[in-house]
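Structure, as structure tokens:
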Amino acid sequence: MSAIFRRELQSYFKGPLGYIYLAIIFFFGGMYLQYQVGSVQTNEISTIFSNMFSIVLFTTPLLTMRLMSEDNRQKTDQALLTAPVSLGGIIWGKFLAAFMLFFIGICSTFVYFIVLSAMSSPDWTMFAGNFVGMLLLGAALIAIGLFLSAMTESQMIAAISAFAVMFLVMMLDSIAAILPTQLSFLSAAIAALSFMTPYNDFTSGILDASNIVYFISVAVVFNYFAIRVLEKKRWS
């Protein structure tokens, strides 16, 4: 698994993809910080994390679109399937490589927090809740994107499908809210699948164990699905 992890992480920086992703994260994070300090003039780090929610949703497909689809297109997946590494090692190695790049990007929030802390005494508990929530959100989204990448040979299709699913995830609360009262049971089920509600708890500084378990479960389940896709290819 470590060899897969190193190969995938290095591949992000052998081309422009890794730099483009980090540039987008740093640009929008800096823009939100400037707005927070210059216009709103508050030191609430949770506002920056709340705004970063949509940026993370729309940029995560950049991390995941090539993870498996490129191997499928170039037929190098056959070499992976016959390599002395388990299917789980392949998927988790690729997942951890994408998650590491995501983590590097999110670490920029430490700088934002230090800047905002200069305006008043820092609230480390609030920052920790937001930071953990962002990491868990990223893990869940990366696992979804990796699974979708394993389903196709086209990076474009992988990116578009991941974007569509992540956009749907963002809209689940709105969908649940517009359903008629006769479908309240369905509305509750849809709302329970929403990423927005548990993430908002984190941005409020609430570290709820059920929210932590939810995001981790999503990551584990979709990585398991990706492993099953590889297993099907191995025997087909």
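Computed from the coordinates by the stated procedures, all read-outs in this text should not be read as laboratory data. As the structure is a prediction and not an experimental result, all values here were calculated from the model. Ideal geometry is used to build each Cβ from the backbone, glycine not excepted, and the neighbour counts take in all protein chains shown.
Identify the residues of region 139-176 with backbone N under 20 Å of a label point that sits 7 angstrom from the Cα of R228 along the Cα-to-Cβ direction, or state none.
140-153, 162, 165-166
Which whole-Hz ³J(HN,Hα) couplings does region 47-62 yield from phi under the Karplus relation 6.51 cos²θ - 1.76 cosθ + 1.60, θ = phi - 60°, glycine and proline marked x?
Here the 3J(HN,Hα) series is 5, 5, 5, 4, 5, 6, 3, 5, 5, 5, 4, 7, 9, 4, x, 5 Hz.
Taking neighbour counts of Cβ atoms within 10 Å as a proxy for exposure, in what order, fewest first, do L87, L193, L137 appear?
On the way: L87 17, L193 14, L137 27.
Ranked by crowding around the Cβ, least crowded first: L193, L87, L137.
Calculate, in nm to one decimal, what I212 and I114 gain on full extension: separation in residues at 0.36 nm each, minus their alpha carbon distance. Each step should come with its number before you reach the end.
Details: separation 98, 0.36 × 98 = 35.28 nm, distance 2.56 nm.
Length gained, I212 through I114: 32.7 nm.
Decide, for the chain, between rounded, prolate and oblate: order the square roots of the alpha carbon gyration tensor eigenvalues as a ≥ b ≥ c, take rounded if a/c falls under 1.5, and otherwise choose prolate if a/b is larger than b/c, else oblate. The partial results should precede the final answer.
Numbers: a/c = 2.11, a/b = 1.38, b/c = 1.53.
Oblate, since a/c reaches 1.5 and b/c is not below a/b.
What is the sum of charges around A191, taking Lys and Arg as +1, Asp and Glu as -1, for the other residues whose C-beta is under 14 Å from the C-beta of A191? Could the numbers behind the result be given before it?
Numbers: positive: none; negative: D173, D201.
Neighbourhood net charge equals -2.
In debye, nearest 20: dipole of region 2-235 around its Cα centre with unit charges on the Cβ of K, R (+) and D, E (-)? Mind dumping the intermediate values first?
Details: 11 positive and 11 negative charges, 178 e Å.
For region 2-235, the charge dipole is close to 860 debye.
If I model a spin label as a point 7 Å beyond the Cα along the Cα-Cβ vector, how far apart are those points for V85 and A177 in nm?
4.4 nm
List, in order, the whole-Hz ³J(HN,Hα) value for each residue of region 92-104 obtained from phi through the Karplus relation with A = 6.51, B = -1.76, C = 1.60 and θ = phi - 60°; use x for Gly and Pro.
Computed from phi, the couplings for region 92-104 are 5, x, 5, 4, 5, 5, 5, 5, 5, 5, 4, 4, 4 Hz.
Percent relative contact order of region 2-235, based on C-alpha pairs within less than 8 angstrom and at least six residues apart? Can you show the working numbers first?
Numbers: 281 pairs, mean separation 66.1, N = 234.
RCO, region 2-235: 28 percent.
Residue by residue through region 221-232, which ³J(HN,Hα) values in whole Hz follow from phi under the Karplus form 6.51 cos²θ - 1.76 cosθ + 1.60 (θ = phi - 60°), with glycine and proline marked x?
Working through the residues one at a time gives 5, 6, 5, 5, 4, 5, 5, 5, 5, 5, 4, 4 Hz.
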